[in-house]
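Let me begin by presenting the structure, written as structure tokens, before commenting on it.
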Amino acid sequence: MQKNFIMNNEKEIENVVDYIIKNISKRSVVLLKGGLGSGKTTFVKHFSSRFDINTVSSPSYNIIHIYNNKIVISHIDFYRLHTDAEIKELNFYENIEESDYTFIEWPGNIEKSLRHYKTACIEFDIVNNKHTAKVII
């Protein structure tokens, strides 16, 4: 199932959040693809705010952030990780098992090993100065 969104402003990312909440179940892994500044972390901020989690920031330097309030959300950035050893050091698979939702930015290095998890993918882009999101479930 695929749905495309055009967002003229940041508030319109709420439409993508609504769609994801309605169409994926807990324990899902959401792959966030797109270039720098395309909306990946902004999406996670808006998603998390629905569960009264308002402290979301980019995991680029820490690699993983875990937010826990009404639900547990793991937000992971694989941009700087390249080996299985680096991924295992994070207790990555344990974090997925313990999280209600897992969001992975730059999932290229790990995508193949996620086949046995329920996954969705959001591809963010900027086209003609407008942010777009293609959701694939």
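Filter the cross-link list K26/K130; K26/K70; K70/K134; K45/K88 down to pairs whose alpha-carbon distance in this structure exceeds 24 Å. Beyond 24 Å: K26/K130; K70/K134; K45/K88.
Packing-based ranking of 63-69, 1-7 yields 63-69, 1-7, ordered from highest to lowest mean Cβ neighbour count within 10 Å. Of all DSSP beta bridges confined to the chain, the antiparallel ones make up roughly 55%. Using only side-chain charges placed at the Cβ, +1 for Lys and Arg and -1 for Asp and Glu, the dipole size of the chain relative to its Cα centre rounds to 400 debye. Does the stretch 96-137 come out rounded, prolate or oblate by the C-alpha gyration tensor, with a ≥ b ≥ c the root eigenvalues, rounded set by a/c under 1.5 and, if not, prolate when a/b is larger than b/c and oblate if not? Taking the square roots of the gyration eigenvalues as a ≥ b ≥ c, the stretch 96-137 is prolate. Remark: T41, T83, T102 ranked as T83, T41, T102, counting other beta-carbon atoms within 10 Å and listing the fewest first.
In percent, rounded to a whole number, the relative contact order of the chain is 39, using alpha-carbon pairs under 8 Å and six or more apart. If R0 equals 30 Å, the separation of the Cβ atoms of I126 and N23 corresponds to a calculated FRET efficiency of about 0.80.
Computed extension length for T55-D100: 14.5 nm, one decimal, from 0.36 nm per residue of separation with the Cα-Cα distance subtracted.
Select from I96, N68, L31 the residue farthest towards the positive end of the dipole of the stretch 29-103; place +1 on Cβ of Lys and Arg, -1 on Cβ of Asp and Glu, and compute about the Cα centre. The residue sitting farthest along the positive end of the dipole is L31. When E105, E89 are sorted by how many other C-beta atoms sit within 10 angstrom of their C-beta, beginning with the fewest, the order is E89, E105. Each Cα pair of the chain feeds into the Kirkwood radius, which the Stokes-Einstein equation turns, at 4 °C and 1.567 mPa s, into a diffusion coefficient of 86 µm²/s. Considering helices alone, the calculated mean residue ellipticity of the chain at 222 nm is -7000 deg cm²/dmol, with DSSP H runs of length four and up weighted by -39500 (n - 2.57) and normalised per residue.
Values quoted throughout were computed directly from the atomic coordinates according to the rules given, and no laboratory measurement underlies them. Bear in mind that the values here come from a model prediction, so they are computed numbers and not experimental data. Glycine also receives a Cβ, built like all others from the backbone with ideal geometry; neighbour counts cover every protein chain displayed.
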